[in-house]
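*Asks:* Sending over a structure as structure tokens; questions will come in a sec.
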Amino acid sequence: MRAIDTEGLVRIYEKGDPPLFLMNGESFVFAPVPEGSRVLYARPPLKGWRGAELRTKAEQSIDNPIGMEPLKALLHPGMRVTIAFDDISLSEPILQSPDCRQVVIELLLERLAQAGVDDVELVVAVCLHRHIHSWEIKEMLGKKIFNAHWLNKTLYNYDAEDKDGNIVLGYTDNNEIVEMHKRSATSDLLIYVNLNLVALNGGHKSVGVGLVTYRCVRSNHNYEHQFNSRSFNDPQRSKMHSTINRIGRYIEKHIKIFHIEMTVNTDTFPHYLGFMQKQEISWSFPEKIMARINKHFLDLTPLSLNRKIFFANKAPYAVTSIQAGEVEAIHKLTLENIYKQQLIDVEGQSDILIIPIPYVMPYSVHSIMNPILVYAMGLGYMFNFYMNKPLVKQGGTIIFLHPLENKFDQIHHPSYIELFEKLKETRDPYIVDKKYADALANDEQYIHLYRFHNAYHGFHPVSMWNWGSYGMSYVGQIIIVNPYGKEAAERLGWEIAPNLNEAIEMAKTKQGRSASISVIHSPPIAMWNVK
């Protein structure tokens, strides 16, 4: 390989180079791609903080906020304070202990106690995500916070379907209803603790999505908004974000909110798997052996066991920035820090794009990535890690690496099962959204399972189908390599190839023998500024 950019992150595959070591869901594949293929690597991790060092940075941030008074100036005895925070859909993989949210929330609780504030509640801002299990909350926030707040119900999951627990604040100038968590809306101060893994998240999306009802979120999580976002990780070109910002600004007029946002680096894997985030050409001999041992072992074990093995490996992400204060002022800095770590310049688009899909996405944590989630991860998330233009040309071919099992988690994803059956009738996202969104959202059984049994909201699979709508319409061919669930691939409208070489041949039949090829070498996460 030879570098074609100043950082050596965009490389051309040459004859004699070692095969690429690509993630294939819960396993790996060694892939010798065609000579001349462009391989795109994530930037190595920037310096960051964890533990005590992070606490020091957090103290500096809340004592010197941007666009607001210091936290201590906002506190007084007898006031009501609510602390809201992101759920376990972030980060991926799950952070090593202590989670950065634990560090910050421990600090906040100490500051509140010092100020004589004893009316404090903590809420997981799940919106329409599943209510996270108690053991997951304990893992995220640590035993001290959990033991002090869980049993007395001052720590809980937000319930978007609790009629008594939500309140209508009013309507935006565009007549979008603003209906949200009543405790947060009626507190003297709401503090939001955010973890920004990608540019999609944070800003007004924290409260304006995380703590609102279906009636509110429906105004921006619909086919029209998802299809017309270019891309989700470029908020200025995202129709979804434009509406979320309008809702968020309305909320900020009615509620005092102190925002804390954190960004992390790309240190995704523990040291014994560190070779997975390095370029193969730089591997040492022990790393080459370790890669082959890992692949051999995972090939021999069932995917269900492989998932447990991967979920047991926590990410050593370090926090690269922490900023507190007024939402729009701090989110500008948050985005700058995300792009500093993730955004990489790329010259031009390719005819064929190879995307290895990892074992986890935001809505499959401690679960399985069902076919709709594989679709959403590939065409919604990974397709949308771009600025300006997608990596693949319009009408081009995407090749996915993932086992694509035709399996569903009965507890977490019951409404996904029903929607997947409906896809036999139509895959058209416009029709799916119009026909099934309200029907699934208002289904009493799904509402009950969401509220009391850790299920994703009935609407959630429709949202995920909308998520990939632009990617679906943009590309001309989608191929998945050797899926377990061939029937599932056919229902998604994807072609099937027995191996990567055959998939590339199929793509070249459509795109031409001289078709250009790019390969995203992920994880870790990267974003591409396509010029």
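Just so you know, all these numbers are worked out from the coordinates, no wet-lab data involved. The structure presented is a predicted model; accordingly, all values stated were derived computationally and were not measured. Reconstructed Cβ throughout: ideal geometry from the backbone, glycine too, with neighbour counts over all protein chains shown.
*Asks:* Looking at (1) 24.4; (2) 23.7; (3) 25.1, which value of Kirkwood radius over Cα pairs in Å comes from a calculation on the structure shown?
*Replies:* (2)
*Asks:* Tell me which of SER364, LEU404, MET180 sits at the most positive position along the dipole axis of the chain, charges placed on C-beta atoms (Lys, Arg +1; Asp, Glu -1).
*Replies:* The residue sitting most towards the positive pole is LEU404.
*Asks:* Along the charge dipole of the chain, pointing to its positive end and built from +1/-1 on Cβ of Lys, Arg, Asp and Glu, which listed residue (VAL123, GLY67, GLN445) has its Cα farthest out?
*Replies:* Checking the options against the dipole of the chain, the answer is GLY67.
*Asks:* Now a separate question. Treating the beta-carbon of each Lys and Arg as +1 and of each Asp and Glu as -1, no other charges, what is the dipole magnitude of region 383-509 about its Cα centre, to the nearest 20 debye?
*Replies:* Roughly 380 debye, rounded to the nearest 20.
*Asks:* Please order THR213, THR186, THR154, THR320 by the number of other Cβ within 10 Å, starting at the fewest.
*Replies:* Exposure proxy ranking, most exposed first: THR186, THR154, THR320, THR213.
*Asks:* Hey, another quick one. Ignoring everything except DSSP H segments at least 4 long, calculate the 222 nm mean residue ellipticity for the chain; use -39,500 (n - 2.57) per segment, divide by total residues, nearest 500.
*Replies:* My calculation for the chain gives -10500 deg cm²/dmol from helical runs alone.
*Asks:* Starting from the amide H of VAL392, placed 1.01 Å from N in the peptide plane, find each other amide H under 5 Å away whose residue is 5 or more places distant or on another chain.
*Replies:* For VAL392, the qualifying residues are SER350.
*Asks:* For region 156-163, take each phi angle, set θ = phi - 60°, evaluate the Karplus expression 6.51 cos²θ - 1.76 cosθ + 1.60, and give the result in whole Hz per residue in order, putting x for glycine and proline.
*Replies:* The phi angles translate into 6, 7, 4, 10, 6, 10, 7, 4 Hz.
*Asks:* Then there is this: Taking amide H positions as placed in the peptide plane 1.01 Å from N, state which residues far from LYS256 in sequence (5 or more) or on other chains have amide H under 5 Å from it.
*Replies:* Correct list: LEU190.
*Asks:* Let me ask another. Can you spot the lysines whose alpha carbon is less than 16 Å from LYS144's alpha carbon? Ignore those fewer than 8 places along the same chain.
*Replies:* LYS153
*Asks:* Please enumerate, by chain and number, the lysines with C-alpha under 22 Å from the C-alpha of LYS15, excluding those fewer than 8 residues away in the same chain.
*Replies:* Hits, sequence-local ones excluded: LYS278, LYS288, LYS508.
*Asks:* For TRP528, TRP467, which order do you get if you count the other beta carbons within 10 Å of each Cβ and list the fewest first?
*Replies:* Ordered from fewest to most neighbouring Cβ atoms within 10 Å, TRP528, TRP467 come out as TRP528, TRP467.
*Asks:* Can you list the residues of region 394-415 with backbone N under 18 Å from a point 7 Å past the Cα of THR301, pointing along Cα to Cβ?
*Replies:* The answer is 403.
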